[in-house]
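The values are calculated or read from the model by the stated rules, or taken from the named source; none is laboratory data. Please read these numbers as outputs of a predicted model, since none were measured by experiment. For neighbour counting, all protein chains shown are included, and Cβ atoms are generated from backbone atoms with ideal geometry for every residue, glycine included.
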Amino acid sequence: MTRLRACIRSIGRFQRLSHPFTNPALFTNPTSFLFAAHRTSIRRTMASAMAKRLEGKTIVVTGASSGIGKSTAKEFARTSPKNLKLILTARRIDTLKEVAAEIAEEVGDGVKVLPVKLDVSNPDEVNNFVSSLPEEFKEIDVLVNNAGLVKGVAQAPEIAAEDIKVMFDTNVTGLINMTQAVLPIFKKRSEGGRGDIINIGSIAGREPYAGGSIYCATKSAVRSFTDAMRKELIATRIRVIEIDPGQVETEFSVVRFYGDKSKADAVYKGVEPLTGEDIAEVVVFAAGRRENVVIADTLVFPSHQAAAGVMHRKS
């Protein structure tokens with residue numbers, strides 16, 4: 001043991017700057033050093049296993065021009081950068097092309113990215129989505145239903161009819177139509193079908209709050225649709241997953257307040273909200289599990305949040 005300590009001290013003196021373990025305690029305590037090395041090895045093994053499971057897959061992410069969708073696309077690319085196809089959809093095609101360029105710059109040409117202009121609230125566009133894809137992108141393996149929005153904080157009877165329509169058309173009908181467009185691809189595979197449907201819900205679908213009645217209703221509908229579909233597909237290898245974020249800082253609040261950034265910024269005053277990257281990591285983790293493992297239902301809060309309306313704000 002004395003010789004081992006001396007050896008590790010020597011390694012620490014001459015190689016500390018280039019060694020991955022920069023905590024000096026690791027070089028004087030052999031047990032800590034070996035445990036840290038083992039832990040790092042496990043992390044690398046887990047990461048490589050997840051990359052291997054995702055390798056060769058074709059993944060659709062809706063609402064991929066910003067926020068959670070954009071972060072999810074990038075996280076998939078980083079996790080499995082050698083052989084992956086990403087279909088990124090949104091209404092803003094120029095922004096999608098920028099996202100595709102950012103991915104190419106970061107991970108190289110091992111990830112093929114197809115930007116597709118798509119408004120999920122338009123049934124005709126969704127119905128033509130799969131048939132219009134290039135042949136090499138048609139065998140979809142993962143659908144991330146992320147596109148969604150909220151408009152206003154009005155309470156009944158003052159809620160604008162157009163706001164009601166756009167929220168239901170996007171958050172509910174759009175999600176259902178996208179699922180029905182892609183699900184036949186999954187169902188034609190062996191053992192009754194294979195593939196992942198990952199729906200981005202919200203704490204609002206579990207806990208309705210004042211000033212959000214319509215948005216909460218849409219996310220509650222997503223939750224019911226997801227739960228029912230999971231039961232309907234139980235005899236297959238198709239995984240149905242819902243991820244419900246709490247407070248996340250994206251364009252969400254800017255859209256809610258019709259572009260008023262000062263009102264949107266006030267939502268996050270005194271707190272540290274989740275980021276799009278936080279939710280993206282959960283999405284990719286769920287998609288990267290063994291085929292027999294379903295992360296069926298996940299609620300993700302920032303540490304200052306305990307419920308839809310229960311938050312601790314620093315003064």
Would you mind stating whether ASP278 is assigned by TED's automatic domain parsing to the domain that holds THR79, under 16 Å from the mean Cα position of the chain (by Cα), of a type outside the set (A, V, I, L, M) and not in a helix (DSSP H, G or I)? no
Counting residues that are modelled with pLDDT of 95 or more and surrounded by fewer than 16 Cβ atoms within 10 Å (Cβ to Cβ), which helices (runs of 4 or more DSSP H) fully inside segment 39-135 reach at least 3? 93-107, 123-127
Identify, please: which residue in segment 205-234 is more than 20 Å from GLN247 (Cβ to Cβ) and more than 21 Å from the chain's Cα centre (by Cα) and is, among those, surrounded by the fewest Cβ atoms within 10 Å (Cβ to Cβ)? LYS231
Counting only residues that are small (Gly, Ala, Ser) and closer than 30 Å to GLU55 by Cβ, which one in segment 136-164 is surrounded by the fewest Cβ atoms within 10 Å (Cβ to Cβ)? ALA147
Residues in segment 178-204 that are crowded, with 23+ Cβ neighbours inside 10 Å, of a type in the set (S, T, N, Q) and more than 16 Å from VAL61 (Cα to Cα): how many? 1
As an exercise: evaluate GLU281 against (1) surrounded by 14 or more Cβ atoms within 10 Å (Cβ to Cβ); (2) within 30 Å of ILE164 (Cβ to Cβ) and give the number of the one condition it does not meet. (2)
Taking the conditions exactly as written (at pLDDT 90 or above, under 19 Å from GLY212 (Cβ atoms) and buried (at least 16 other Cβ atoms within 10 Å of the Cβ)), does ALA286 satisfy them or not? no
Scan of segment 245-275 for residues that are farther than 17 Å from LYS70 by Cβ and in a helix (DSSP H, G or I), ordered by number: ARG256, LYS261, SER262, LYS263, ALA264, ASP265, ALA266, VAL267
